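Okay, structure first, notes after.
Nothing in this text is a laboratory measurement; each read-out follows from the coordinates by a stated rule. Since we're looking at a predicted model, the values are computed, not measured. Note: ideal-geometry Cβ built from the backbone for every residue, glycine included; neighbour counts use all protein chains shown.
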Amino acid sequence: MAIWFQPLNLDVVQKMNNVNMMKHLGIEVIEFGDDYLKGRMPVDHRTQQPFGILHGGASVALAETLGSNAANLCLNPMKAYAVGLSINASHMRAVRSGYVYGTACPHHLGRSTHVWEIKIVDENDRLICVSRLTMAVITR
């Protein structure tokens with residue numbers, strides 16, 4: 001059973017984020033299923049640290065972007081919205097180029113909080129980062 005408030009359309013999701021940090025970092029939402037949202041981010045001059053590897057903060061930005069989008073897509077926007085409350089990340093492997101792919105899956109979808117896990121992998125499906133995001137659900 002799908003967790004989304006209404007049927008998803010990738011073009012609509014991408015367009016609503018085309019004027020914020022997603023656009024600046026090159027983040028794209030590329031796929032969704034009944035209970036996950038997937039996106040990708042380039043590893044390039046925008047997302048690398050001075051040593052030429054993916055910046056940990058860029059990984060966290062990807063994780064929060066996907067988890068925040070997913071949380072809000074589960075809610076009736078006329079009644080509530082979700083905002084980040086807490087995020088943590090563990091970085092396992094360096095990446096120098098190409099794309100990284102993040103997948104956000106829910107652990108808990110409550111009335112006042114959501115908890116999401118975001119796994120980030122490289123183009124060879126090797127684990128790069130695992131993040132947990134807690135969202136506060138705010139009633140309008």
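Can you name every residue in the range 40-73 that is surrounded by 21 or more Cβ atoms within 10 Å (Cβ to Cβ), under 29 Å from Ala2 (Cα atoms) and β-branched (Val, Ile, Thr)?
Thr65
If you go through the range 119-140, how many residues are among the small types (Gly, Ala, Ser) and either touching a residue at least 60 places away in the same chain (Cβ under 8 Å) or not in a strand (DSSP E or B) (or both)?
The number of residues fulfilling the criteria is 1.
Touching a strand residue (DSSP E or B) at 6+ places or on another chain (Cβ under 9 Å), surrounded by fewer than 13 Cβ atoms within 10 Å (Cβ to Cβ) and small (Gly, Ala, Ser): does that describe Gly110? Explain how you work it out, then say what you get.
Working: touching a strand residue (DSSP E or B) at 6+ places or on another chain (Cβ under 9 Å): yes; surrounded by fewer than 13 Cβ atoms within 10 Å (Cβ to Cβ): yes; small (Gly, Ala, Ser): yes.
Against the criterion (touching a strand residue (DSSP E or B) at 6+ places or on another chain (Cβ under 9 Å), surrounded by fewer than 13 Cβ atoms within 10 Å (Cβ to Cβ) and small (Gly, Ala, Ser)), Gly110 qualifies.
Of the numbered conditions (1) out of contact with any Lys or Arg (no Cβ under 8 Å at 6 or more places or on another chain); (2) buried (at least 17 other Cβ atoms within 10 Å of the Cβ); (3) under 18 Å from Pro7 (Cα atoms); (4) not acidic (Asp, Glu), Asn76 fails exactly one; give the number of that condition.
Failing condition for Asn76: (2).
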